[in-house]
Amino acid sequence: MKAIMVMFDSLNRHMLPPYWSDWTYAPNFARLAERSVTFDNAYAGSMPCMPARREIHTGRYNFLHRSWGPLEPFDDSMPELLKQNGVYTHLASDHPHYWEDGGATYHGRYNTWEFFRGQEGDPWKGQVADPRIPEDLKKLRFESYRQDWVNRPHMATEDKHPQTLTFDAGLEFLRTNKDADNWFVQIETFDPHEPFFSHQRFKDLYLDDYDGPHFDWPDYKRVVETDEQVAHARYEYAALLSMCDHSLGRVLDFMDEENLWDDTLLIVNTDHGLLLGEKGWWGKVVQPWYNELVHLPLFVWDPRVRAAGERRQALVQTIDLAPTLLDYFGVEPPADIQGKPLPVAEDTEVREAALFGAHGGHVNVTDGRYVYMRAPATAANAPLLEHTLMPTHMRGRFSPAELADLELAEPFTFTKGVRTLRIPARTFINPYQHGTLLFDLESDPEQQTPLVDDPAELRMATLLVELLRESDAPPSQYERLGLPSEGPVGAEHLLVRAQREHADRAAAPLPRPEDYPQGRFSLRTPVLALISDPVAVEVMRRHLPGIVDSEFLQFLGPTPLIDVAAIAGSLTDVSALHRVAEELAAL
């Protein structure tokens, strides 16, 4: 028995030919669909990057209990279980988050692993002098942005691109071990995650006549760029997508040449998508988890079944990958696993509803037709707690100040009798501003018009509570969301109607610069700029408490510049910007 997982990051389902995209160049994804089963209702679970990978290892949701972080001591890891049962496991990846504090326990679960440097500001090449950076539309210039420009000259040719090196390594493993048995290799690239760095031959696949500032790394925020700039960023993503397609084709070619289709499971998957201007947004995390982000591409070839060119409608999720691989190799799944083996052979129901979200954000559920996005019951988005024995963030440890108020929580059903640390959470995401949302994908597949439908909300809220209870969600989540931890969901728990007004405000267009005096208030793409004026700053403090003095200013310099993403994206509703503008205009 042999198995290959080819995993991409931020791979947009709606931009692939098997999912009806007619403008991207991805012939190998089309070829893959002809050789495998295509899943039409695959959804993410815990997000973003490392929470999704924790699901791949454990087969259970984790975003209700903690944010981004490592595998926990009580977690069952699928690659490690395979290793313990005589299956050799190998990871080839250029995904930088595996080697940061918040992802440092994943790669060690494999027998062997290798890593290729250079993606997304990976702290790789040392250079004291500032790199030459072109005029660029990106405004959120963290240290990783500078580092990315240091790294790029070292990846100047396609053969040196970390994606290429990752697939080189994966194919080396396949060549070395094609005649062996009982192995699993995970070939995982960070692409097409931003920045959309690819080489000219892939850019040449698209008729992009853009002649403006450099733009291949959008900030996570509202779209305020021109139509031409938005189109260019999409072309840059598409070029990187075509590079991913080429790399996928190399794996398919090898399977053809060595006839691995006879005895090798192939899974091609991703963690989540990325908004490229859809819904008026860039990126992920700061906005609701729309289908562009969570409705995923998924392809599976199972040599035991030999189903090819077929589609499945069953509602499946990331948590189903671990049980699928364990089942394939005949390894008994752990009792704590929530996923089920993927229904490759026939279209059998796996679940009635799927849970998804990110820690501190909306808690979402879909039954395949309706999507219900549950916001907090109050603007405080509280209580919000981390439950962990591995207190790390993405790129750092929890500070002593964060740990000052920690307590020990009682064991959860999946922590094997172990008590976790219970720590007040730090988050800049507040889904309350967007309100609780309900969409009917049958009548509104683009999720443009949220419903107010009490009976439908009651049914979806009931499904949500059932999944919270099955996941042993902490009591704080029920309190934060205004849902009952025991007993039925009733009309008194519904929020769509009650929060509709501020949800509509959050979806309103941003203030236009021509509406207000330029001397006091201006909207510069993409930064909301306030001239150094103590009165203006005080207005901001009054309407946007905590923002002016927050860390969102630190990387923009000493002048009072506030990024639209920090305000409209995650910390308050757009109406606050209008109130600021109106008051400044009246001065």
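Kindly indicate the residue of segment 162-180 that is without any contact (Cβ under 8 Å) to a residue 40 or more places away in the chain and either in contact with a helix residue (DSSP H, G or I) (Cβ under 9 Å, 6 or more places away or on another chain) or in a loop (DSSP other than H, G, I, E, B) (or both) and also surrounded by the fewest Cβ atoms within 10 Å (Cβ to Cβ) among those meeting that condition.
Ranking the candidates gives Asp179 first.
Given (1) surrounded by 20 or more Cβ atoms within 10 Å (Cβ to Cβ); (2) over 14 Å from Arg66 (Cα atoms), identify the lone condition not met by Asp367.
So the condition that Asp367 fails would be (1).
Give the residues of segment 342-357 that are buried (at least 24 other Cβ atoms within 10 Å of the Cβ) and among the small types (Gly, Ala, Ser), sorted by residue number.
Ala354, Gly357
Go over the candidates Leu276, Leu326, Leu296 one by one and state the one that is at pLDDT 95 or above and farther than 20 Å from Asn62 by Cβ.
Selected residue: Leu276, the only one of Leu276, Leu326, Leu296 that is at pLDDT 95 or above and farther than 20 Å from Asn62 by Cβ.
Quick grid of which residues meet (1) without any contact (Cβ under 8 Å) to a residue 24 or more places away in the chain; (2) in contact with a Ser or Thr (Cβ under 8 Å, 6 or more places away or on another chain); (3) among the acidic types (Asp, Glu):
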| site | (1), (2), (3) |
| --- | --- |
| Ser198 | no, yes, no |
| Asp208 | no, no, yes |
| Lys221 | no, no, no |
| Ala238 | no, yes, no |
| Leu241 | no, yes, no |
| Cys244 | no, yes, no |
| Leu248 | no, no, no |
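Among the residues of segment 9-59, which ones are farther than 20 Å from Val285 by Cβ, of a type in the set (A, V, I, L, M, F, W, C) and in a helix (DSSP H, G or I)?
Passing the criteria: Phe29, Ala30, Leu32, Ala33.
Picking from Leu32, Leu64, Leu11, which residue would you name as being surrounded by 24 or more Cβ atoms within 10 Å (Cβ to Cβ), farther than 22 Å from Glu194 by Cβ and of a type in the set (A, V, I, L, M, F, W, C)?
Only one candidate qualifies: Leu32.
May I ask you to list the residues in segment 349-368 that are more than 14 Å from Glu55 (Cα to Cα) and part of a strand (DSSP E or B)?
Passing the criteria: Val363, Asn364, Val365, Thr366.
Which one of Leu266, Leu252 is in a strand (DSSP E or B), more than 16 Å from His14 (Cα to Cα) and modelled with pLDDT of 95 or more?
Leu266 is the lone residue from the list that is in a strand (DSSP E or B), more than 16 Å from His14 (Cα to Cα) and modelled with pLDDT of 95 or more.
Are any residues in segment 196-223 closer than 14 Å to Leu137 by Cα, over 20 Å from the mean Cα position of the chain (by Cα) and surrounded by 23 or more Cβ atoms within 10 Å (Cβ to Cβ), and if so, which ones?
none
Looking at Arg141, is it at pLDDT below 95, over 23 Å from Met243 (Cβ atoms) and of a type in the set (D, E, K, R)?
yes
Residues in segment 461-475: is at least one surrounded by fewer than 15 Cβ atoms within 10 Å (Cβ to Cβ) and without any contact (Cβ under 8 Å) to a residue 40 or more places away in the chain?
yes
Would you check which residues across segment 280-315 are crowded, with 17+ Cβ neighbours inside 10 Å, under 20 Å from Gln447 (Cα atoms) and over 12 Å from the mean Cα position of the chain (by Cα) and list them?
Once the filter is applied, which keeps residues that are crowded, with 17+ Cβ neighbours inside 10 Å, under 20 Å from Gln447 (Cα atoms) and over 12 Å from the mean Cα position of the chain (by Cα), segment 280-315 yields Trp281, Trp282, Pro297, Leu315.
Being within 21 Å of Leu71 (Cβ to Cβ), buried (at least 17 other Cβ atoms within 10 Å of the Cβ) and touching a helix residue (DSSP H, G or I) at 6+ places or on another chain (Cβ under 6 Å) is the filter here, so list the residues in segment 374-430 that pass it.
Result: Leu385, Thr392, His393.
The values are calculated or read from the model by the stated rules, or taken from the named source; none is laboratory data. What you see is a predicted model; the values in this text were computed from it and never measured. Because the Cβ atoms are built from the backbone with ideal geometry, glycine has one as well, and the counts that use them run over all protein chains shown.
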